[in-house]
Each structure stands twice: as structure tokens, then as C-alpha cells.
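For reference, the structure discussed in these notes is given below.
The values are calculated or read from the model by the stated rules, or taken from the named source; none is laboratory data. On a predicted model such as this, the values are computed, not experimentally measured, just so you know. All Cβ positions, glycine included, derive from the backbone under ideal geometry; neighbour counts span all protein chains shown.
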Amino acid sequence: MPSPKARSSGSGPCPGGNGRYEFLSLSRAPAPQLLQRQGSDPTTARLRASESPSGRRGSGSSTSSTGGQQLPEEDCMRLNPSFVGIALRSLLAIDLWLSKRLGVCACEDSSWGSVRPLMKLVEISGHGIPWLAGAAYCLYKSDSAAGQEVMLNLLTALVLDLVLVGVMKAVVQRRRPAHNRMDMFATFSVDGYSFPSGHATRAAMCARFLLAHLVLAAPLRVLVLLWATFVGFSRVLLGRHHVTDVAFGFFMGYWQYNLVEMLWLSPVMLQSMIGRLH
Ligand SMILES: CC(C)=CCC/C(C)=C/CC/C(C)=C/COP(=O)(O)O
């Protein structure tokens with residue numbers, strides 16, 4: 001996937017500052033092949049005529065009429081994909097712009113660079129290794145059947161999360177923001193990609209898991225929710241992710257927990273699995 005910079009290099013009317021080129025994709029000139037194709041298409045040729053000042057002259061009514069003539073229904077249907085395309089491009093442009101604005105801890109000399117070490121601690125709190133190690137340790141130490149069941153399922157959920165996020169990142173292959181410094185601790189090769197945020201999926205899934213399976217006092221429940229939110233938010237502040245990577249990560253993590261509940265390994269199931277091993 002080309003970087004936003006490469007895709008939007010060229011001209012554009014957006015004034016002001018560093019974020020300028022991120023909006024250009026909305027107004028950039030179409031590729032020559034596209035122009036050629038449009039030129040040979042009577043429908044688009046008609047539409048272009050109606051968009052031009054001379055084409056609009058003489059048409060006293062709405063944009064879907066050409067010279068007072070109503071466009072056939074099939075022509076109106078063709079407008080929809082371009083509307084969706086424009087909406088998606090606009091969302092992407094807003095996402096790039098907002099992510100860049102919010103990446104205030106992306107490096108030490110960023111505006112909030114001094115809190116970068118703290119953000120990196122938050123990053124470690126949502127990393128896969130401490131969670132896997134913690135769940136494995138609790139499983140080993142647990143002397144009740146209920147505790148072992150919960151910890152084994154948490155371990156399974158964490159592995160499932162790594163697999164699903166890895167597959168998703170490999171399929172989508174969205175690059176991390178250009179302002180990200182790739183100085184993350186212990187990553188897989190797919191972690192070079194940005195969508196979705198693995199920290200956000202893990203934070204959302206683990207928060208739901210802890211709230212559902214641990215008996216926690218109200219302040220601790222609030223703390224779990226704040227932690228999950230902060231892990232997600234810190235991904236954008238550190239410049240690791242775009243806002244949409246984190247938003248989708250939360251969504252995906254929320255649904256991953258439902259999957260974990262569906263696949264829940266019960267003691268009966270575990271005993272039959274252990275029995276088959278012997
Ligand atoms: C035991 C074992 C193989 C653990 C692997 C744990 C591991 C390296 C997880 C990767 C965690 C990570 C860096 C995810 C990337 O998170 P993003 O939020 O940057 O997508």
C-alpha cells in the first residue's frame with residue numbers, strides 16, 4: 001500500500017502546514033487511463049458535461065438532469081459508488097490528519113515527547129508477552145479447578161487474539177503512520193503493519209474477560225476500563241497507529257471475547273482432552 005505521502009503527492013488547493021498533502025487525494029487529477037475510460041463512456045461523458053459550466057447552462061433543474069432531460073435510473077445508480085468512494089476517502093483523510101495531530105509523543109522532541117517513557121510503560125502493560133506470561137504463571141500457581149479453568153481460557157484467548165490480529169494485519173497490510181518510530185519491544189513481522197491495533201484488541205478482550213470472570217470491587221472495574229481505553233489511546237499518542245486502527249481494534253477485541261465465550265473450554269472438555277492424551 002503506498003504511503004499517504006506518495007499517494008497524494010501532486011497539487012491541491014489545501015493551504016497550510018505539514019498536513020497539507022493528506023487531503024490532496026480528494027481533489028487530485030484522475031489518472032490518464034481513467035480519463036480515457038471516462039471519455040469512451042457515454043454516461044460519464046454526459047455527467048461531465050452536466051458538471052461543466054457550459055453543460056449546466058440551459059439546465060434549470062437538479063444536478064441529475066442534462067439539458068432539462070432526466071437521467072435514466074441506471075445512470076443514477078452509477079453515482080452511488082463514487083459517493084461511497086468520496087465518503088471513504090474523506091474518512092481516510094480525516095483519520096490521517098487526526099492521527100498525525102494526536103501523535104504528540106511520537107518521538108522525544110514531539111510536543112509531548114517528555115511523557116513518551118510513560119506511554120511506553122502503558123504500551124508494555126498491553127503487550128502480548130506480559131499477558132501470556134502472567135496467565136501461564138497464574139495457571140501454574142492456581143490450586144482451584146475454577147481458577148485453572150479461567151486461566152487456561154485466558155491463555156487460549158490471548159493466543160487466539162495473536163493469530164486473528166496477525167491474519168488481519170497480513171491481509172490488510174496498512175502501513176504504520178509515517179511519524180512512527182519502529183522501536184517497539186518484541187514484535188512479529190506482521191507488526192510492521194498497522195491495522196488493526198493488536199494492543200487495542202487485547203485490551204478490549206482482556207478487559208471484558210477480567211470484568212466477566214474476576215470478582216472485582218467497583219473502583220477496580222473502573223480501573224480496568226480506564227486501562228483498556230488508555231492503552232488504545234496511547235497507541236495514537238505514540239504515533240504507532242491511526243485512529244481507525246485503534247477504533248477497529250477495540251471493536252474486534254470486543255467481538256473476540258464473544259468468540260472466547262462460545263469456544264469456552266469447560267472442565268469436562270478439559271478432562272476428556274487430558275484423558276485422550278493418556
Ligand atoms: C510466546 C510468544 C511467541 C509471544 C509473542 C508475543 C508477541 C511478540 C506479541 C506481539 C505483541 C505486539 C507487539 C503487538 C503489536 O501491537 P500493535 O498495537 O502495535 O498492533
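So, in the stretch 227-261, exactly how many residues are outside any loop (DSSP other than H, G, I, E, B) and over 15 Å from L121 (Cα atoms)?
19
Which of (1) out of contact with any helix residue (DSSP H, G or I) (no Cβ under 9 Å at 6 or more places or on another chain); (2) in a helix (DSSP H, G or I) does V215 not meet, given it meets every other one?
(2)
Being buried (at least 22 other Cβ atoms within 10 Å of the Cβ) and modelled with pLDDT of 95 or more, is that true of even one residue in the stretch 217-230?
Within the stretch 217-230, one or more residues are buried (at least 22 other Cβ atoms within 10 Å of the Cβ) and modelled with pLDDT of 95 or more.
Would you check which residues across the stretch 222-278 are without any contact (Cβ under 8 Å) to a residue 60 or more places away in the chain and among the polar types (S, T, N, Q) and list them?
Within the stretch 222-278, T229, N258, Q271, S272 qualify.
When the stretch 111-140 is examined, which residues are found to be of a type in the set (F, W, Y), within 13 Å of the ligand (Cβ to nearest atom) and not in a helix (DSSP H, G or I)?
none
Tally time: how many residues in the stretch 180-197 are closer than 18 Å to G232 by Cα and either within 11 Å of the ligand (Cβ to nearest atom) or modelled with pLDDT of 95 or more (or both)?
Within the stretch 180-197, residues that are closer than 18 Å to G232 by Cα and either within 11 Å of the ligand (Cβ to nearest atom) or modelled with pLDDT of 95 or more (or both) number 12.
If I ask for residues that are of a type in the set (A, V, I, L, M) and either in contact (Cβ under 8 Å) with a residue 12 or more places away in the chain or not in a loop (DSSP other than H, G, I, E, B) (or both), which ones from the stretch 166-197 would you list?
In the first step, residues of the stretch 166-197 are kept if they are of a type in the set (A, V, I, L, M); the result is 167-168, 170-172, 178, 182, 184, 186, 190.
Scanning the stretch 166-197 gives V167, M168, A170, V171, V172, A178, M184, A186, V190.
Taking the condition more than 10 Å from the ligand (Cβ to nearest atom), under 22 Å from N153 (Cβ atoms), surrounded by 15 or more Cβ atoms within 10 Å (Cβ to Cβ) and charged (D, E, K, R), does R202 pass?
No: the conditions fail for R202.
Got a number for residues in the stretch 131-175 being over 26 Å from the mean Cα position of the chain (by Cα) and among the aromatic types (F, W, Y)?
Within the stretch 131-175, residues that are over 26 Å from the mean Cα position of the chain (by Cα) and among the aromatic types (F, W, Y) number 2.
Kindly provide the set of residues from the stretch 141-167 that are within 15 Å of the ligand (Cβ to nearest atom) and surrounded by fewer than 19 Cβ atoms within 10 Å (Cβ to Cβ), ordered by number. Lay out the reasoning, then the answer.
Step one: list which residues in the stretch 141-167 are within 15 Å of the ligand (Cβ to nearest atom), which gives 154-167.
Passing the criteria: L155, T156, V159, L160, L162, V163, G166, V167.
Report whether or not W131 is touching a residue at least 12 places away in the same chain (Cβ under 8 Å) and not assigned by TED's automatic domain parsing to the domain that holds M269.
Taking the combined requirement at face value, the residue does not satisfy it.
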